[in-house]
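What follows is a set of notes on a single structure, which appears directly below.
The values are calculated or read from the model by the stated rules, or taken from the named source; none is laboratory data. The model shown is predicted, which means the values in this text are computed figures rather than measured ones. Note: ideal-geometry Cβ built from the backbone for every residue, glycine included; neighbour counts use all protein chains shown.
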Amino acid sequence: MIYGLLAVDLDGTIVDKDLRISARVRATLLRAQDAGVHVTLASGRPSGQMLAVAKDLSIHGPVICYQGAVVQDPDTQEVYLHHVVAVHLAREFIDFARRHGWSLCMFLDDQLYAERFTPEIRFFAEYSPIPEEVQVVEDLHRILGLAPTKLLVIVEAEEGASVDAILQARFAGRLKIVRSFPRFVEATSLAATKGQALAALAQMLNVSREQTVAIGDNDNDADMVAWAGLGVAMGNASPKVKAAADYIAPTIDADGAADAVERFILGAAHV
């Protein structure tokens, strides 16, 4: 199979725990593009960060941001897809998080808002190659003239699974709840998943599902890995992603994403 579209997650897939991308991964992604493959990034990170990473990696095609809520062109800034959280659901989520005392923040019009600048919010804002500026407001309800792109709570790592379960139960069938990092539990529109965004992007680029490769490591990558013609789980991936994958690559410490691209895309390109 000659592949035409490659989607790679960031954190845990090509971005390591120190927020670095290895030289081998960088070179491999460039070689894939030189071979004529469309390369996209797919992450829960917001658009500003995604566009900056795309520029750093010399990726010029549309990238998937906010867990699939946004597909945006890094060169022109054009937004091809944007799924928002309905305002009434955002209000319910805010009230529910308040009652539980969780640190809560919200992305609205590409800006990060919070009611309190807690240590948890600080950790989230700074856990990035490009720290997010946090706008502290008295009441998140008052800025919901527009629908937000994403809401999330930040808790201690040992609480993450239980908070995820609580939110899954509360918003089942109404919001997409994903645990994107041990401490981050996120809420987006049901239409906002990496898999659905990748399918829309493939159609836009006129690339078939069978010609698409997706590489990921966390539960929020599972539907993308499952949808792709070739789904690749990192060696450090969650059980859910490994179960959805066609191939399990080495870990991020062993440049597993580069290994998979070299094996299936660059190797095939030279057959």
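So here's what we get for this one:
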{"read-out": "In the range 219-238, the residues that are part of a loop (DSSP other than H, G, I, E, B) and surrounded by 24 or more Cβ atoms within 10 Å (Cβ to Cβ)", "value": "228, 234, 237"}
{"read-out": "Check on residue 143, buried (at least 20 other Cβ atoms within 10 Å of the Cβ) and not assigned by TED's automatic domain parsing to the domain that holds residue 262", "value": "no"}
{"read-out": "Strands (runs of 3 or more DSSP E) (entirely within the range 111-205) containing at least 3 residues that are of a type in the set (A, V, I, L, M, F, W, C)", "value": "150-154, 176-181, 184-188"}
{"read-out": "One residue from 80, 113 being exposed (fewer than 15 other Cβ atoms within 10 Å of the Cβ) and at pLDDT 95 or above", "value": "80"}
{"read-out": "Residue check, residue 123 within 22 Å of the chain's Cα centre (by Cα) and in contact (Cβ under 8 Å) with a residue 60 or more places away in the chain", "value": "yes"}
{"read-out": "Options 111, 77; residue that is assigned by TED's automatic domain parsing to the domain that holds residue 218, in contact (Cβ under 8 Å) with a residue 12 or more places away in the chain and either of a type in the set (D, E, K, R) or under 30 Å from residue 205 (Cβ atoms) (or both)", "value": "77"}
{"read-out": "Residue satisfying condition, being farther than 25 Å from residue 196 by Cβ and among the aliphatic types (A, V, I, L, M), within set 52, 27", "value": "27"}
{"read-out": "Restricting the range 239-251 to residues that are surrounded by fewer than 23 Cβ atoms within 10 Å (Cβ to Cβ) and among the β-branched types (Val, Ile, Thr), the residue that is nearest to residue 24 (Cα to Cα)", "value": "251"}
{"read-out": "Within the range 35-49, tally of residues that are modelled with pLDDT under 95 and not small (Gly, Ala, Ser)", "value": "3"}
